[in-house]
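The values are calculated or read from the model by the stated rules, or taken from the named source; none is laboratory data. Worth saying up front: this structure is predicted, and the values here are computed from it rather than measured. Cβ sites come from the backbone with ideal geometry, for glycine too, and all protein chains shown count toward neighbours.
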Amino acid sequence: MRALLFLISCIFLLCSCGPKTIYSKKVDFNQGSWNYDQVANFEFSIIDTVTVYDLVLNINHDIDFSNQNFYVKFYTKAPSQKVIEDVVSMELANQYGQWNGNCGSSNCEVEILLQGKTKFKALGEYSIDIEQFNRNENLKSINSIELKLIEIQS
């Protein structure tokens, strides 16, 4: 009986040590079109500077999206009000034109790592603004984006 309890305790501990999503927010785009003037805003609190995180963007797009990728510009504002700007390519398909992620009959969802193994240097409120950064004013067939802040267990 003790061996069984020990085994169950070990399994519980191993299962509880995986990645943990501490923040998640989804922004939907009307009629599947992301316009230049639509900036997705995400705000979250950091309560320690030791924890390591992955910042992941989950993108829902139609299977008839016309490109292999698109670009986003994102701005990270720290509690000090310092803003860091970056441009990232959102790779929705591989080099052979096959969609990445999970696809159904009409749409696909793909998770893209924005920043891996990130530590925040200061405690407090952070914000991330994400805007589409492409040649076309309207990026059609993009239904939603979701930002996830995932705590990585060491």
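Checked across the range 59-78, the condition of being of a type in the set (S, T, N, Q), in contact (Cβ under 8 Å) with a residue 40 or more places away in the chain and touching a Cys at 6+ places or on another chain (Cβ under 9 Å) holds for at least one residue.
One residue alone among Q95, Q153 is out of contact with any Gly (no Cβ under 9 Å at 6 or more places or on another chain) and polar (S, T, N, Q), and that residue is Q95. For the range 121-132, a residue qualifies if it is over 16 Å from the mean Cα position of the chain (by Cα) and modelled with pLDDT of 95 or more, and the qualifying residues are A122, L123, G124, E125. Across the range 112-140, the number of residues qualifying as of a type in the set (K, R) and closer than 16 Å to D54 by Cα comes to 3. Only one of the numbered conditions (1) surrounded by 14 or more Cβ atoms within 10 Å (Cβ to Cβ); (2) without any contact (Cβ under 8 Å) to a residue 24 or more places away in the chain; (3) farther than 19 Å from G32 by Cβ is not met by Q98, and that is (1). Residue count for the range 30-69 under the criterion of being on the phi > 0 side of the Ramachandran plot and surrounded by fewer than 15 Cβ atoms within 10 Å (Cβ to Cβ): the result is 1.
Among the conditions (1) more than 21 Å from N30 (Cβ to Cβ); (2) free of Cβ contacts under 8 Å to residues at least 60 places away in the same chain, L92 misses just one, which is (1). Considering (1) in a loop (DSSP other than H, G, I, E, B); (2) touching a Phe, Trp or Tyr at 6+ places or on another chain (Cβ under 8 Å); (3) surrounded by 16 or more Cβ atoms within 10 Å (Cβ to Cβ), the lone condition that I130 does not fulfil carries the number (1). Checked against (1) on the phi < 0 side of the Ramachandran plot; (2) exposed (fewer than 14 other Cβ atoms within 10 Å of the Cβ); (3) in a strand (DSSP E or B), K117 passes all but a single condition, namely (1). Which one of these is among the basic types (K, R) and more than 27 Å from N35 (Cβ to Cβ): K140, K121, K73, K77? Exactly one residue qualifies, and that residue is K121.
Residues in the range 30-44 that are touching a residue at least 40 places away in the same chain (Cβ under 8 Å) and more than 11 Å from N138 (Cα to Cα): V39, A40, N41, F42, E43, F44.
Checking the structure you have, find out if any residue of the range 114-127 is acidic (D, E) and under 22 Å from D64 (Cα atoms). The answer is no; no qualifying residue exists.
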